[in-house]
């Protein structure tokens, strides 16, 4: 199924005992399921490969945000 802008994404937490039923329902409706690992893998695959920042630059920004007053 091709995703389009009319789709809404959200996180659903269901009991372990209902996962088989939920997966069948999702398949019947033509929806897709992605877990947190799938989302993280997709994000990592889409990240820029050649960023013009050093580790020190990144740490400096983190410290600026973390310790800003």
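Please tell me if residue 28 is under 18 Å from the mean Cα position of the chain (by Cα) and surrounded by fewer than 10 Cβ atoms within 10 Å (Cβ to Cβ).
Working: under 18 Å from the mean Cα position of the chain (by Cα): no; surrounded by fewer than 10 Cβ atoms within 10 Å (Cβ to Cβ): yes.
Considered against the rule, which asks whether it is under 18 Å from the mean Cα position of the chain (by Cα) and surrounded by fewer than 10 Cβ atoms within 10 Å (Cβ to Cβ), residue 28 comes out as no.
Just wondering, is there one or more residues in the range 4-20 that are out of contact with any helix residue (DSSP H, G or I) (no Cβ under 9 Å at 6 or more places or on another chain), in a helix (DSSP H, G or I) and surrounded by 10 or more Cβ atoms within 10 Å (Cβ to Cβ)?
yes
In the range 34-45, is there at least one residue being part of a loop (DSSP other than H, G, I, E, B) and modelled with pLDDT under 95? Give the derivation first.
Restricting attention to the range 34-45, the residues satisfying the condition of being part of a loop (DSSP other than H, G, I, E, B) are 34-35.
Subset that is modelled with pLDDT under 95: 34-35.
For the range 34-45, residues part of a loop (DSSP other than H, G, I, E, B) and modelled with pLDDT under 95: present.
Please go through the range 43-58 and pick out each residue that is surrounded by 11 or more Cβ atoms within 10 Å (Cβ to Cβ) and within 8 Å of the chain's Cα centre (by Cα).
Within the range 43-58, none qualify.
The values are calculated or read from the model by the stated rules, or taken from the named source; none is laboratory data. The structure presented is a predicted model; accordingly, all values stated were derived computationally and were not measured. Positions of Cβ are backbone-derived with ideal geometry, glycine not excepted, and every protein chain shown enters the neighbour counts.
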